[in-house]
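The block underneath contains the structure these notes are about, expressed in structure tokens.
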Amino acid sequence: MKKLILILLCLPFIGFGQDWVDMMQDPNTNFYQTQSSFNDFWEGRTIEKGKGWKQFKRWENFIEQRVYPDGNLQPQILFEENQNLNSRNDNFRDLMPENEILESVKTELDYGDGEVYPAEINSADITAYNIKGMWYFDKRRGELMYRLLGIQPLGKDITNPDDELKNTKLFWIWYPSIRKILHTELVFNDTSNSNRISFDQLLLSRRFSSYIFKEDNLYNDRAIEAYKRKGLDYILESQRIKDEILNFEQDLWNR
């Protein structure tokens, strides 16, 4: 499906004959060089229908958010870069070995004094969670719906006693497999004991603070940090994706 989308994006530009058209269809061409070629071609010209201006702007808007800061577009480089990121089974296709999961939460450490000490993760060592979900449009209800697919705890690396950041990605859990457990555990409500909800309800209703760090895309689902600098650029890209989801539902009813 991803290949089909890429082909559809390229087809409308065939036949215009401009340099920037050929550059758009070459994955080895720098994005900013293509953009510059397009701007040079249209400088001083009147925008005419059927000449490719509108199609390029659509392509530009889509691609600009998905390239490296230097404008590199090569899919192979993007794939290799993404492989270096620690995504750890977020596609849920390959099960992690049970012993690897157990070693990430409970192990024994040797500090060099001849004795072995047990080390185990507890709730205080978990600092955050990554969650993976899917937005889809329900035609029967006529609304945009959200389905939670998985959850990943982030916490202390127990194999490293000096780990103070406690930001190690542990393992992904297929959310439907733990819903029954989370549904029986209630969230503490410091404002009203009569209106308590379960952890399952909290997650499904998205009553938590979060930011987007990754989305499904043509480049092997690369994370934002693979093509945006950390800081303001990272935050703005995360917000852009949020706005894209919100605008999708609103546009359905405002056409």
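All told, L203 meets the bar of being in contact (Cβ under 8 Å) with a residue 60 or more places away in the chain, within 23 Å of L149 (Cα to Cα) and not acidic (D, E). Being free of Cβ contacts under 8 Å to residues at least 24 places away in the same chain, surrounded by 12 or more Cβ atoms within 10 Å (Cβ to Cβ) and within 28 Å of D216 (Cβ to Cβ) is the requirement here; does I173 meet it? Taking the combined requirement at face value, the residue satisfies it. Scanning region 114-127 finds one or more residues that are on the phi < 0 side of the Ramachandran plot, in a strand (DSSP E or B) and exposed (fewer than 10 other Cβ atoms within 10 Å of the Cβ). Checking each residue in region 198-222 for being more than 16 Å from L236 (Cα to Cα), aliphatic (A, V, I, L, M) and at pLDDT 85 or above picks out L202, L203, L204.
Here F16 passes the criteria (1) modelled with pLDDT under 75; (2) within 22 Å of S238 (Cα to Cα); (3) in contact with a Gly (Cβ under 6 Å, 6 or more places away or on another chain); (4) of a type outside the set (A, V, I, L, M) except the one numbered (2). Given the condition free of Cβ contacts under 8 Å to residues at least 12 places away in the same chain, of a type in the set (G, A, S) and loosely packed, with under 13 Cβ neighbours inside 10 Å, answer yes or no: does some residue in region 180-197 qualify? Yes, region 180-197 contains at least one residue that is free of Cβ contacts under 8 Å to residues at least 12 places away in the same chain, of a type in the set (G, A, S) and loosely packed, with under 13 Cβ neighbours inside 10 Å. Looking across region 217-229, the residues that are of a type outside the set (V, I, T) and touching a helix residue (DSSP H, G or I) at 6+ places or on another chain (Cβ under 9 Å) come down to N217, L218, Y219, N220, D221, R222, A223, E225, A226, Y227, K228.
Restricting region 130-143 to residues that are without any contact (Cβ under 8 Å) to a residue 60 or more places away in the chain and over 14 Å from the mean Cα position of the chain (by Cα), which is nearest to E164 (Cα to Cα)? Looking at the filtered set, the residue picked out is Y136.
The values are calculated or read from the model by the stated rules, or taken from the named source; none is laboratory data. All values derive from a computational prediction rather than experimental measurement. A quick note on method: Cβ atoms are made from the backbone with ideal geometry, for glycine too, and the neighbour counts reach across all protein chains shown.
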